[in-house]
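We did not get these values from a lab; they are worked out from the coordinates using the rules stated. Since the structure is predicted, the reported quantities are computational estimates derived from the model, not experimental observations.
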Amino acid sequence: MIHRRYSSPALRAIALGVLALPLAVSAQIAPASAEKNWREANDAVGQYKRGHADILKWEKENVPTAQSQEQAAASLSLMSSEDAVRQAWMAHRELVKPMNQIGEANVDLIAKGRWTELDPILQRRVDDLDELLEVAAQGRKAWFQAVAARQALKQHRDAQDAAEAGNELGRRMVSVGNWSKLQQAQVQLAQSSAQMNVRRAQYAATQAEATLIKTLQLTGMHTAVTLPERLPDLPAQALSPQVLDGRASAIAAQLPRAEGMRNGANARMARQAYLSSHALAMSAREEVRKVREFIMEETVLHYNGMLKSVWDLLGEVSSQSQAVVSAIDAQRDFWIAETDLQWVLQGGAPDSFVSLGGGGEPAAAAGH
C-alpha cells in the first residue's frame, strides 16, 4: 500500500473530484438515499483543508452541458407516462367515442397506468376499447424506453468525468516522477473506454427519443422532448400470482373462446415477465446500494492518506457505472413488462414481450 499526501491543491482537487463522482452517480438508482450519501460525503470532505472549495472548483470546470442544451431545445414536456399516454391519444381522434363511453374516471385509470382497476365487462360493452388500450400501451412503453436511455446517458457521462479526472491526475503524477507512463496508459485506456460508452449511450438516447416522438405521431413537429431525470420507483411488492391468475380468469370470461385461450397463453407469458423483471430490478438496485457503501468506505480511507485507494477506486467507479446502467435497464424492463401485463389482463394481445437482459428487445407473444 502506498501512503502519500497530494503534493499540490490542484492534484488534490482532481482526486477529490474523482471520489465525489461515484456518490453522485449512485443517486441515479436510489434517490431516497442520495441526500444522506451526499451529506456524509460532504462532512468527510469538510474535515480537510480546502476540501469543499476544491470539489466545487473541479465540478464547475467539468460539469456536462449536453443535457442542459437538450432540455433547452425541447418544446414538448412529458414528465410522466400519463403525459405520454394522453399525448398519444390526441393523435387518434377516433378514440373520442370509446373514451366517452367508458367515462372520465376510467380514462384517468388508463392514463395513470391503473388498468387492473378497470371492470373486465367493459370489453364486451365498449367498441374500440382495444385500440384505446393499445395506443396507451405503446405510448407508455416508448416513454419508459426514452427515459431509461436518457438516464443511462447521464450515468455514462458521470463515469466519463471520473475517468477524465483520473487520467489528468495520472498525467500530473507522471510529470512529477511519482508514476510511470505504463501506469498512466492504463487510466488513458479507461478514459477512452468511457468516451466510447458515452457515444453509444448518446446514440441510444437519440434513437429512443425519436421512437417516442414517432409513436406519438409528432415527427416533424418536435425534435426533442423534456423528460424526467429517472424512471419511476419500483413498487415494493409485485402483485401475487394468485391475484394475477384471478384477474386473467376474469378477462378470459369476457372474450370469445378462441380469443380467451390465446389471452390465457399471453397472460402466462406476461405474468412470468412481470414477476421475473421485478425480482431482477430489486436485486440490481440492492447491488448498487452495496457498491455505494463500499465506495464510501474507500473514500474515507483515502482521505486518511492511502493514495493507492484512488486507483482502486477508479476501477470501482467503472464497475459501479456498469452496475447502475444494468439497474436502470432492469427497472426499464420491469415497467415495460408491467405495461404488457396490464394490457393482457384487459384482453390485449401484445406483438411481443420484453426480453429480460436483452436491451429491451422483445420476445414473441403467443399467437403472433
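For region 182-279, pairs of C-alpha atoms spaced more than 16 angstrom apart make up 75 percent of the total. Computed over region 89-146, the Cα gyration tensor eigenvalues convert (square root of 5λ each) into semi-axes of 19, 14, 10 Å, ordered from largest to smallest. The smallest convex shape that holds all Cα atoms of region 193-240, its convex hull, gives 141 Å³ per residue.
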